[in-house]
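Below is one structure; the comments refer to it alone.
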Amino acid sequence: MMQLKMEEESIIAMVYTLEVINCRGLTIRGVVRKNLTWLKSWYEQQKDEEYLEQALLQICALFRMELANEGDMELYEEICALAGISLESLMEHCTRMGKRIKVTRQGISGLIGKWMPSRKNPMTKPEVVEDIMEKLNNHRVGQYYYCYERAGTRKNSKESEKKDIYKLVINQEECFFLDMRQFRIYVLELCE
């Protein structure tokens, strides 16, 4: 049985890596599915546990982001079996980072913090919410940033600490909303 050594920093680093993949226009689930297949194959050929550790880290990151695909559960279980652990045991190390929410105007408004229009941010909060809803309802594939620079911040504070940055991601398979300042991930489920 392989020793499971998943540090919090490594899991978060993998989540960031998967976000970079998403920024390149690829779906996280599709890329990870291919990665896991290759890592499993390489492990079976070379018996190098590093391949299994990377695969387990990617599975954990998927579960953290709540993007694990039910159709890939057999692959996840096969990789866990090769590592000598159960999927349930792996899950104990992979507490949720993402939160699943149904998309409503009120729900989206709640994800966005305080928001006041300014020269740099001419949209009002209801306009931002409406823009997000329109993109989601029409499934406009892409990545959209919303930035609010709070007034009255100290001049010596770091630039990124003064801004609330939100990112809306709409892919073929998934939609999610990221609070970049708080590092919160919300998996969006469209209401029918």
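The values are calculated or read from the model by the stated rules, or taken from the named source; none is laboratory data. As the structure is a prediction and not an experimental result, all values here were calculated from the model. Please note: Cβ atoms are built from the backbone with ideal geometry, for glycine as well, and neighbour counts cover all protein chains shown. Each accessible area value is taken on the protein alone, full model and side chains, heavy atoms only, with ligands, DNA and RNA left out. Shrake-Rupley method; radii C 1.70, N 1.55, O 1.52, S 1.80 Å.
Residues of the range 26-36 being open to solvent by less than 60 Å² (accessible area, probe 1.4 Å) and either assigned to a helix (DSSP H, G or I) or of a type in the set (G, A, S) (or both), which ones?
Filtering the range 26-36 down to residues open to solvent by less than 60 Å² (accessible area, probe 1.4 Å) leaves 27-32, 35-36.
The answer is I28, R29, G30, V31, V32, N35, L36.
Can you find a residue that is open to solvent by 40 Å² or more (accessible area, probe 1.4 Å), under 18 Å from V187 (Cα atoms) and touching a residue at least 12 places away in the same chain (Cβ under 8 Å) anywhere in the range 42-49?
In the first step, residues of the range 42-49 are kept if they are open to solvent by 40 Å² or more (accessible area, probe 1.4 Å); the result is 42, 44-49.
Keeping just the survivors that are under 18 Å from V187 (Cα atoms) gives none.
Checked the range 42-49: no residue is open to solvent by 40 Å² or more (accessible area, probe 1.4 Å), under 18 Å from V187 (Cα atoms) and touching a residue at least 12 places away in the same chain (Cβ under 8 Å).
Okay, residues lined up against (1) in a loop (DSSP other than H, G, I, E, B); (2) open to solvent by 60 Å² or more (accessible area, probe 1.4 Å); (3) touching a Lys or Arg at 6+ places or on another chain (Cβ under 9 Å):
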{"site": "W38", "(1), (2), (3)": "no, yes, no"}
{"site": "Q54", "(1), (2), (3)": "no, yes, no"}
{"site": "A68", "(1), (2), (3)": "yes, no, yes"}
{"site": "D72", "(1), (2), (3)": "no, no, yes"}
{"site": "C80", "(1), (2), (3)": "no, no, no"}
{"site": "K99", "(1), (2), (3)": "no, yes, yes"}
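Residues that are surrounded by 15 or more Cβ atoms within 10 Å (Cβ to Cβ) and touching a residue at least 40 places away in the same chain (Cβ under 8 Å) were ranked within the range 125-142; the one that is farthest from M180 (Cα to Cα) is L136. With the condition kept exactly as written, say whether any residue in the range 125-135 is hydrophobic (A, V, I, L, M, F, W, C) and closer than 18 Å to N171 by Cβ. Yes - at least one qualifying residue is present in the range 125-135.
Tally time: how many residues in the range 82-97 are touching a Cys at 6+ places or on another chain (Cβ under 7 Å), at pLDDT 75 or above and open to solvent by 40 Å² or more (accessible area, probe 1.4 Å)? Walk me through it before giving the result.
If we filter the range 82-97 for residues that are touching a Cys at 6+ places or on another chain (Cβ under 7 Å), which is where we start, we get 86-87, 90, 93-94.
From the residues that got through so far, the ones that are at pLDDT 75 or above too are 86-87, 90.
This time we only want the ones that are open to solvent by 40 Å² or more (accessible area, probe 1.4 Å), so: 86.
Adding up the residues that qualify gives 1.
Considering each residue of the range 112-164, count those that are closer than 28 Å to G25 by Cβ, modelled with pLDDT under 90 and assigned to a helix (DSSP H, G or I), and give that number. Total satisfying the criteria: 2.
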